[in-house]
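A short worksheet on the structure shown next.
The values are calculated or read from the model by the stated rules, or taken from the named source; none is laboratory data. Being a predicted model, the structure only gives us computed values, none of them experimental. Every residue, glycine as well, gets a Cβ built from its backbone with ideal geometry; the counts of neighbours run over all protein chains shown.
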Number of protein chains: 2
Amino acid sequence: MALPKRITIHELGPREGMQIEKNPVSTADKIRLVDRLSECNFHEIEVTSFVSPKWVPQMADAEEVVAGITRRPGTRYTGIYLNAQGIARAVKTGKLDVEGSLSVTASETFSKKNTNRSIEETLAEAERRIDVLKTMNVPTHEVSVMAAFGCNYEGNVDPQHVVRLVDRLIGTAADYGMDIGLIQLADTMGWGNPLSIRRLVGLVQDRWPDKRINLHLHDTRGLGLMNAFAAMEMGVDDFDAAVAGLGGCPYAGFKDAPGNIATEDLVHLCNEIGVETGVDLDRLVDVAREAEAIVGHPLPGKVMRGGILQSYRDRASSTSSTSSTSSKSSAVAL
Amino acid sequence: MALPKRITIHELGPREGMQIEKNPVSTADKIRLVDRLSECNFHEIEVTSFVSPKWVPQMADAEEVVAGITRRPGTRYTGIYLNAQGIARAVKTGKLDVEGSLSVTASETFSKKNTNRSIEETLAEAERRIDVLKTMNVPTHEVSVMAAFGCNYEGNVDPQHVVRLVDRLIGTAADYGMDIGLIQLADTMGWGNPLSIRRLVGLVQDRWPDKRINLHLHDTRGLGLMNAFAAMEMGVDDFDAAVAGLGGCPYAGFKDAPGNIATEDLVHLCNEIGVETGVDLDRLVDVAREAEAIVGHPLPGKVMRGGILQSYRDRASSTSSTSSTSSKSSAVAL
């Protein structure tokens, strides 16, 4: 299949990133990060999590952050939530595009560790969740499977198992008259590779040819961006990413394990291969550097260090190559 | 084309890495790095550069490093050199597998900056280089084109231009009765993407179907590993890499721009997709962490932070999943 003409990117940096940082990030910095990202023309920016401050103290200021940001027309501003209280908090801000999602984790162990529920309990709860979403008038068009490519606790995940989980979530939604348009496959712990991406995406496309697929890819072992490319070559056109690679992976066993694919690296790849994103890359690279300054340690994004190729092309075309001889060799490059 | 059953990896960390480090690395540490790499079962380890200490003071101890290492049977130990003096120094150590190579840079500006010679001057000099190699009995089966995918000074590089350069080098070699078996395409400044890799590799394969291709890939903008995968899917089975991503790029305009693809990330990818490398990944990841300690700053390799997937699989299969429930949720993972 050919590359898509255009992809949609969901920027998760403010939520994924701030949730894992050990040193507290000020509310003002969180607001600034969202506002700077707003200048880059994203389809969606995930602003914060409405979760219990007891479990995720970094997100205790969710309402303040939302109150402080300036919405840019054309961008959706979203949050995440695990339960009815969280949804109610998000709705109450009056300033977010609150969307529902039905999600399940493909790994039993990780499901219990991360949400305190088994897979079956999660699926059973989907009905109650739908009730809540309907009562609150929250539109819901997405189902999501986490750890869809593997799990640090359970190892490989069978792609057929993932398809069955998607099927059950879509079935439950249909029972309540909800039409699911988007299937998210999340590689939560960075287990995917281009071959396993093709296998699972292929199975899902075969089963639901009319639904859109979103990939949420972690770059835990350096394969995130190549997995995005492999998926794009299968026509997948909807991706999550986090500026500068904010996020990390709390489950990798190493405190500095890489998190989400870096948004600016994904946008740069797309620019190079002729896939539109609508995102302003020059501004985004500036925001990536600012994100590093905000968290106070290096982040994994590469283009912010290596430079945007288009800027080198622009400079090259404005310089005569004959004028740029050098009188001494500087180093031995290969 | 199918993935190769097996690839050959040339480990360049000791040479690429030590050449760019600002803080001096002790000769003892350089020797230790090579010796630790020797335990990982590489086909080749590039030990050092025989270049003028005036230009590259970090390499002034080339002879001492070679004298100090312990050769492991089955591994080739090589160095690089720009001229007859360098080759003579390498030969004189009596301890290296000295191999010749005819190389040229695809970018006129970069050729002058890096070697003080134009492309035509370099090609003309190839004849003298062959004389030297023959006189010193140095076997030569490789031609190499640097900046084959693009150049920070000149922008895009036309793949047909690269094919013409390869053709001229192979022609010159043939005139002197030298049979070239390997064509190296070096993405010196990280300009390649999977589409441009396929284009150039395809052209070279069409023109020289019987010759082997080596790719030397820099990860300056995060695409190095996906470029290796794209090339593997075209049957390319010979790659350079540097442990932990040692190396950096002195031409990127940012002092911490990523360098070569990280060897352990490449080996990990290969393990995951069923391509043999012969390299001991567990040991290599230990060496990657040691390389970070030696240079004293973080290096770009990811698997050393994210962990080897096989080790998670091994642990998962030795643990009952039912026993691993957790009494509290720790964070919200997606």
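With the structure loaded, tell me whether B:MET232 is closer than 22 Å to A:ASP219 by Cβ and out of contact with any Gly (no Cβ under 9 Å at 6 or more places or on another chain) or whether it fails that test. In short, yes.
Please tell me if B:ALA62 is assigned by TED's automatic domain parsing to the domain that holds B:ILE213, surrounded by 16 or more Cβ atoms within 10 Å (Cβ to Cβ) and touching a helix residue (DSSP H, G or I) at 6+ places or on another chain (Cβ under 8 Å). Answer is no for this residue.
Among the residues of segment A:141-180, count how many are within 14 Å of chain B (Cβ to nearest Cβ), outside any loop (DSSP other than H, G, I, E, B) and of a type in the set (A, V, I, L, M). Spell out how you get there, then give the answer.
The initial filter retains those residues of segment A:141-180 that are within 14 Å of chain B (Cβ to nearest Cβ), namely A:142-158, A:161.
Next, only the ones that are outside any loop (DSSP other than H, G, I, E, B) stay: A:142-146, A:151, A:155, A:161.
When the remaining residues are screened for being of a type in the set (A, V, I, L, M), the result is A:143, A:145-146.
Looking only at that region, the number is 3.
Looking at A:SER321, A:SER330, just one residue is of a type outside the set (Phe, Trp, Tyr), buried (at least 16 other Cβ atoms within 10 Å of the Cβ), within 26 Å of B:ASN114 (Cβ to Cβ) and modelled with pLDDT under 75, and that residue is A:SER321. Within segment A:231-245, the presence of a residue that is within 14 Å of chain B (Cβ to nearest Cβ), crowded, with 24+ Cβ neighbours inside 10 Å, within 17 Å of the chain's Cα centre (by Cα) and over 21 Å from A:GLU276 (Cα atoms) is excluded.
A:LEU96 versus (1) touching a Gly at 6+ places or on another chain (Cβ under 6 Å); (2) modelled with pLDDT under 90; (3) hydrophobic (A, V, I, L, M, F, W, C): which is the lone unmet condition? Here A:LEU96 clears every test but (2).
Could you check segment B:164-196 and list, in sequence order, the residues that are under 17 Å from B:ALA124 (Cβ atoms) and either out of contact with any helix residue (DSSP H, G or I) (no Cβ under 9 Å at 6 or more places or on another chain) or among the charged types (D, E, K, R) (or both)?
Let us first name the residues in segment B:164-196 that are under 17 Å from B:ALA124 (Cβ atoms), namely B:164-176, B:178.
Across segment B:164-196, the qualifying residues are B:ARG164, B:ASP167, B:ARG168, B:ILE170, B:GLY171, B:ALA174, B:ASP175.
For segment B:99-110, residues that are buried (at least 23 other Cβ atoms within 10 Å of the Cβ) and not in a strand (DSSP E or B) total 4. Scanning segment A:170-180 for residues that are within 18 Å of the chain's Cα centre (by Cα) and of a type outside the set (Val, Ile, Thr) turns up nothing. Selection over segment A:96-124 of residues that are within 16 Å of A:ASN83 (Cβ to Cβ) and either within 11 Å of chain B (Cβ to nearest Cβ) or without any contact (Cβ under 8 Å) to a residue 40 or more places away in the chain (or both) gives a count of 11. Within segment B:259-271, is there a residue that is at pLDDT below 95 and within 8 Å of chain A (Cβ to nearest Cβ)? No: segment B:259-271 contains no residue that is at pLDDT below 95 and within 8 Å of chain A (Cβ to nearest Cβ).
In segment B:125-140, the residue that is nearest to the other protein chains (Cβ to nearest Cβ) out of those that are part of a helix (DSSP H, G or I) and more than 23 Å from the chain's Cα centre (by Cα) is B:GLU125. Being touching a residue at least 12 places away in the same chain (Cβ under 8 Å) and over 26 Å from B:THR115 (Cα atoms) is a description that applies to B:PHE42. Filtering segment A:268-306 to residues that are surrounded by fewer than 18 Cβ atoms within 10 Å (Cβ to Cβ) and outside any helix (DSSP H, G or I) leaves A:GLY274, A:GLU276, A:GLY278, A:ASP280, A:GLY296, A:HIS297, A:PRO298. Which residue is surrounded by the fewest Cβ atoms within 10 Å (Cβ to Cβ), if the candidates are limited to segment A:15-33 and must be modelled with pLDDT of 95 or more and closer than 20 Å to A:PRO300 by Cα? The extreme case among them is A:ASP29.
Within the group B:GLY190, B:GLY222, which residue is buried (at least 22 other Cβ atoms within 10 Å of the Cβ) and farther than 15 Å from B:ALA148 by Cα? The conditions single out B:GLY222. Out of A:ASN83, A:ASN41, one residue alone is within 21 Å of the chain's Cα centre (by Cα) and under 30 Å from A:ARG198 (Cα atoms). It is A:ASN41.
Mind checking which residues of segment A:55-95 are in a strand (DSSP E or B) and within 14 Å of chain B (Cβ to nearest Cβ)? Steps first, answer last, please.
Within segment A:55-95, the subset in a strand (DSSP E or B) is A:76-81.
Result: A:THR78, A:GLY79, A:ILE80, A:TYR81.
Of everything listed in (1) at pLDDT 95 or above; (2) within 11 Å of another protein chain (Cβ to nearest Cβ), the single unmet condition for A:ASP280 is (2). Residue check: B:GLY222 meets all listed conditions (1) in a helix (DSSP H, G or I); (2) within 14 Å of another protein chain (Cβ to nearest Cβ) but one, namely (1).
Residues in segment A:193-210 that are among the charged types (D, E, K, R) and either surrounded by 18 or more Cβ atoms within 10 Å (Cβ to Cβ) or within 14 Å of another protein chain (Cβ to nearest Cβ) (or both): A:ARG198, A:ARG199.
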